[in-house]
Structure formats: structure tokens, C-alpha cells
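K.L.:
Sharing a structure, written as C-alpha cells. Questions coming.
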Amino acid sequence: MPLLETGRRRIKLDRSYNGPPRQGPVRHISPVQLTLERIHEQNRANVQRIDPARAPAPAPGAAARGKPRLLLMGQRRSGKSSISSVVFHKMPPNETLFLESTARIQKDSMHSFMDFQVWDFPGQVDWADPSFDLDAIFGEIGALIWVIDAQDEYLEAINRLNSTILNLQPTYPNINIEVFIHKVDGLSDDYKLDIQRDVTQRIQDELSDHGVENAPINFHLTSIYNHSIFEAFSKVIQKLIPHLPYLEALLNNCCQKSGFEKAYLFDVLSKIYIATDSSPVDMPSYEICSDYIDVIVDISEIYGWNRPDEYIERLEGPPWNKKLEHQVACKDAESCIVLTDGRRPILLREVNKYLALVAVVKEGAYTKMPDIIENINATVGGLLQIFEITRRRQRA
């Protein structure tokens, strides 16, 4: 089963961390590539309008056309490398204390339900230096994530962010700006909100003074020691998915027909949810569903090994005399647990080798379980059709 073969944490015999590789040869489905073509042409047109003699080329190297790029920027020691390591490379948060400061741009290619890149931009490097090709950095960017250390003096970080926005706005007006007010663990709820209000007000006031109104800026309170960083990245990634309304409509219909309290479409590797139903996100339920994926993957590390051919032949021999795929009701991974506190079942169903549908069912839904399973099968089929249509359009 593909989900059970996607181990995300492997431990060597000496107990040292050996997370998944940063790059892989697999390219599966990239829904955002359709949108990226439009964004790239818009950026090209903007530059040509300023200087008609200049025709910007696609970003060179690994940042080829069709890969959205998440650019992490901010002051030194603000936590950019820690965020990338925890979210995309499954490094335990405590081990990020030993990460060295980033000295040059780190480019990581991520291969999941869509292929994208994460660029970690050193805080001491000035992107406005003439030696940098701005179109290679910002030309195909999906989102600019500016990290602000909430436990440090952040006025300089705000000034640099405002300067960056004002310089990029004329040439790249479509860039999504995401501000991560980071390292809020240990701070009281009131203090967190006070910092968020102060940062938001300072940024918006200065931009307004320079004539930039309603800039596309979003603010998130984050920490690598809880699920808030995954919640923030989920909202960032969702903006890169062109078919997000259709995914949400399928999940809404599934929740309505099946009596789900909440449903998430998770990227198994990063535990980022790429879509959910329209009901408000409940952080406790999201944390439980996220941890549930961890449990399934951990179990797969024990039982998800490749069986030898002789063993497979015995299973397919007498008395069944059938292929394994004909002996099971569902070839994809399925699981269900019941929370003892509220007696609410949590269902997990594999969509493909990258995605899993996880839903929190209302209490007392056991009598409807056959109907629920059929509804889930129909929803999964619809999700796969959406991705297949996107892939066909991409090839056309």
C-alpha cells in the first residue's frame, strides 16, 4: 500500500536522525502549474512594459518553469531554517537548536502531490544587490514568507519587510506576502495578540504612507513546537492550488452526507492539509488527525516491508488461487480509531501515494458506517478525477 510505504521518519541503528531525502525522482501531479504559467506571463509582461528591450527568461537551474517557489526571508536567527527543517524534512524541533546559521541561499525541491521549491534566503544577504537576478528570485515565486522573531526586537525586521514590499510591488504585484510572527511558544495569548496587532499596524501604516493600499499580506502566529506552523503553511499552500474550490466542495458534500464534524485532505509527507470543508478549523481536531497520520506511518515502518516473492506466491495459491489485489476489498490504506473521551471515530483513507483523507465522525455513527465508507469512496474518486483532469490539461 503506497501510504504505508511512505515512511517519513527512519532511525538508524545509532539512533541518529535520517529523515527523507530532500529530492526525489518522482513527479506525480502538479495542479499549480496551470496557474504558474499565467503568473509567469504576467511577470514577463510587467518587466517588458518597464523595459521593452528586456525579455526575462525563466529562472535557471532547479527553479524551472512550473514549480512554485516558497521564499523564506527575514532577519538572521529568526527561525527560517528551523521552519523548513521541521515542516519539510521532519526534523524534531529540539534538534533545530544545533542548526548552523544559513550562509547562502538553500534551495530544496519537494516532490509530493505537487512539485514545489523552498528557498531559504539568508538574513544577512541583500537581495537588492546588483549581482542578483531579481527575476530569477521573484519571477515565479508562489509566496514570500517573511519570518519575524516575536521574542526579539522586530522593528528592523518590519522596516526591511516594508522596504522589500515597496521595491517589489511595481514589478511583481501578484506576490502573496505571508508574515510568520514566529517563536510565540511560551508567550501568553494576550501578549501574542498584542504583538500581532502591533506588527500588523506598523506594516500597514507605513505601506499606506507610501501609497500602497490593501497589500496582499497575511499574518500568522507560529511555532515549531506545536501545530501552528503546519496550520500556517497549509493556508499558504492552499493559495497555490487552482482547483481548491472544487476540492472544498467535495469535502463539504462528504461531510454533509456522512455526518462528519470535520474533514481534511492531508499531504502525508508534510502533514499540511491542502483542503478542508467550510466549517471553522478546530485546532484540537486538526492536531489529532495530524498525529493519527504519524501513528499510521510509524506502524508502516514496522509492517510495511516488502514481502519476498515466495511469500506472495503462497498467498495467491491454494485454497484462494487469486491475485492479492482480488483478495482484498480495498487496495488503498484504510484505518479507523475511536476517541475514548467523546466516542468519536476518526477515519483515514488513502487517496493516492501522497494524499490521505482524514475525517472526524460524529458520535453514534457506527450504524451508518457502510454508507459512510461508500461516501468516502465516492469522494476519493472525485478527488482523483480532479487531479487527472488537471494533469491532462497540463499535457495538452
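The values are calculated or read from the model by the stated rules, or taken from the named source; none is laboratory data. Here the structure is a predicted model, which means the values were calculated and not measured. Please note: Cβ atoms are built from the backbone with ideal geometry, for glycine as well, and neighbour counts cover all protein chains shown. Surface areas here come from the heavy atoms of the whole protein model, side chains and all, with no ligands, DNA or RNA. Shrake-Rupley method; radii C 1.70, N 1.55, O 1.52, S 1.80 Å.
K.L.:
With the condition kept exactly as written, say whether any residue in the range 124-147 is in contact with a strand residue (DSSP E or B) (Cβ under 6 Å, 6 or more places away or on another chain) and farther than 24 Å from Lys67 by Cα.
P.N.:
Looking for residues that are in contact with a strand residue (DSSP E or B) (Cβ under 6 Å, 6 or more places away or on another chain) and farther than 24 Å from Lys67 by Cα, one finds none in the range 124-147, hence no.
K.L.:
Could you please let me know if Phe113 is modelled with pLDDT under 85 and farther than 18 Å from Ala157 by Cα?
P.N.:
Values: modelled with pLDDT under 85: yes; farther than 18 Å from Ala157 by Cα: yes.
Criteria met by Phe113.
K.L.:
Regarding Leu97, is this residue at pLDDT 85 or above, buried (at least 21 other Cβ atoms within 10 Å of the Cβ) and either among the aliphatic types (A, V, I, L, M) or over 22 Å from the mean Cα position of the chain (by Cα) (or both)?
P.N.:
Spelling it out, it is not the case that Leu97 is at pLDDT 85 or above, buried (at least 21 other Cβ atoms within 10 Å of the Cβ) and either among the aliphatic types (A, V, I, L, M) or over 22 Å from the mean Cα position of the chain (by Cα) (or both).
K.L.:
Based on this model, can you work out whether Tyr286 counts as open to solvent by 100 Å² or more (accessible area, probe 1.4 Å) and closer than 26 Å to Tyr264 by Cα?
P.N.:
Working: open to solvent by 100 Å² or more (accessible area, probe 1.4 Å): no; closer than 26 Å to Tyr264 by Cα: yes.
No: the conditions fail for Tyr286.
K.L.:
Identify, from the list Ser78, Ser84, the residue that is at pLDDT 90 or above, buried (at least 19 other Cβ atoms within 10 Å of the Cβ), of a type in the set (Ser, Thr, Tyr) and part of a loop (DSSP other than H, G, I, E, B).
P.N.:
On the way: Ser84 fails: part of a loop (DSSP other than H, G, I, E, B).
Going through Ser78, Ser84 in turn, just one is at pLDDT 90 or above, buried (at least 19 other Cβ atoms within 10 Å of the Cβ), of a type in the set (Ser, Thr, Tyr) and part of a loop (DSSP other than H, G, I, E, B): Ser78.
K.L.:
Which one of the conditions (1) assigned to a helix (DSSP H, G or I); (2) out of contact with any strand residue (DSSP E or B) (no Cβ under 8 Å at 6 or more places or on another chain) does Ile195 fail to meet, given that it meets all the rest?
P.N.:
(2)
K.L.:
Which one of these does Ala275 not meet: (1) at pLDDT 90 or above; (2) open to solvent by 20 Å² or more (accessible area, probe 1.4 Å); (3) under 17 Å from the mean Cα position of the chain (by Cα); (4) of a type outside the set (Asp, Glu)?
P.N.:
Exception for Ala275: condition (2).
K.L.:
Moving on to the next point. If we only count helices (runs of 4 or more DSSP H) wholly inside the range 228-333, which ones have 3 or more residues that are without any contact (Cβ under 8 Å) to a residue 24 or more places away in the chain?
P.N.:
Details: elements: 228-238, 244-258, 283-303, 309-316.
Fully inside the range 228-333 and qualifying: 244-258, 283-303, 309-316.
Conditions tested, residue by residue: (1) touching an Asp or Glu at 6+ places or on another chain (Cβ under 9 Å); (2) of a type in the set (Val, Ile, Thr); (3) at pLDDT below 75.
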| residue | (1), (2), (3) |
| --- | --- |
| Ile299 | no, yes, no |
| Glu310 | no, no, no |
| Pro319 | no, no, no |
| Lys331 | yes, no, yes |
| Asp341 | no, no, yes |
| Pro345 | yes, no, no |
| Leu348 | yes, no, no |
| Leu357 | yes, no, no |
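K.L.:
I'd like the full set of residues that are within 19 Å of the chain's Cα centre (by Cα) and open to solvent by 70 Å² or more (accessible area, probe 1.4 Å), limited to the range 179-231. Show your work before the answer.
P.N.:
Of the residues in the range 179-231, the ones within 19 Å of the chain's Cα centre (by Cα) are 179-182, 217-231.
Tyr225, the sole residue that qualifies.
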